[in-house]
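Nothing in this text is a laboratory measurement; each read-out follows from the coordinates by a stated rule. The structure displayed is predicted, hence computed values, not measured ones. As a convention, Cβ positions derive from the backbone with ideal geometry for all residues, glycine included, and neighbour counts pool all protein chains shown.
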Amino acid sequence: WEHVGNKAMRKGNWKIVKDVEDAAWELYDMSMDLTESNNLAKTNTTLINEMIAEYELWTKQNGVKVFVKGKNKAD
């Protein structure tokens with residue numbers, strides 16, 4: 001999902017999140033870390049890269065508009 005620049009995706013027990021446009025993606029195992037306090041992105045690079053690619057494909061398929069703080073206004 002995407003909401004006001006925040007991004008996330010779940011795949012099984014795994015969740016990726018990106019809080020703002022300049023932040024790095026984070027990866028969490030929700031079966032062991034419901035509070036999202038142990039970022040596993042650096043130790044699971046293959047998985048996070050696959051999930052990012054899936055997220056980006058989903059945004060293209062669904063016409064998600066990128067939110068840019070201070071630039072998005074209602075038409």
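Ignoring the sites themselves, what is the longest stretch of the chain with no GluC sites (Glu not before Pro) in a DSSP loop and at most 14 other beta-carbon atoms within 10 Å? Working shown, then result.
On the way: sites that count: Glu21, Glu36.
Looking at the chain, 37-75 is the longest stretch - no exposed GluC sites (Glu not before Pro) with at most 14 other Cβ atoms within 10 Å.
Let me know the charge dipole size of the chain about its Cα centre in debye, to the nearest 20, where only the beta-carbon of Lys, Arg (+1) and Asp, Glu (-1) is charged. Walk me through the numbers before you get to the answer.
On the way: 11 positive and 12 negative charges, 53 e Å.
Computed about the Cα centre, the dipole is about 260 debye.
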Amide H to amide H, which residues 5 or more places from Gly5 or on other chains are under 5 Å from it, using H placed in the peptide plane?
Phe67
Here the stretch 38-43 yields Karplus 3J(HN,Hα) values (6.51, -1.76, 1.60; θ = phi - 60°; whole Hz; Gly and Pro given as x) of 10, 5, 9, 4, 6, 9
Fluctuation leader among Thr45, Thr35, Thr59 - the chain, Gaussian network, Cα springs under 10 angstrom:
Thr35
If you build the Cα gyration tensor of the chain and take the root of 5 times each eigenvalue, what three semi-axes come out, in whole angstrom, biggest first?
24, 14, 11
Less than 14 Å Cβ to Cβ from Asn38, Lys/Arg counted +1 and Asp/Glu -1: what total charge do the surrounding residues give?
-2
Length gained if Asn38 through Ala23 is fully extended, taking 0.36 nm per residue and subtracting the Cα-Cα distance, is 3.8 nm
Expected max-MSF residue from Trp58, Trp14, Trp25 in the GNM of the chain (alpha carbon, under 10 Å) is Trp58
In the chain, taking the dipole from +1 charges on Lys and Arg beta carbons and -1 charges on Asp and Glu beta carbons about the Cα centre, the listed residue (Thr59, Thr45, Leu34) farthest towards the positive end is Thr59
Work out how much length Leu47 to Asn62 would gain on full extension: take 0.36 nm times their residue separation and subtract the Cα-Cα distance, in nm to one decimal.
3.1 nm
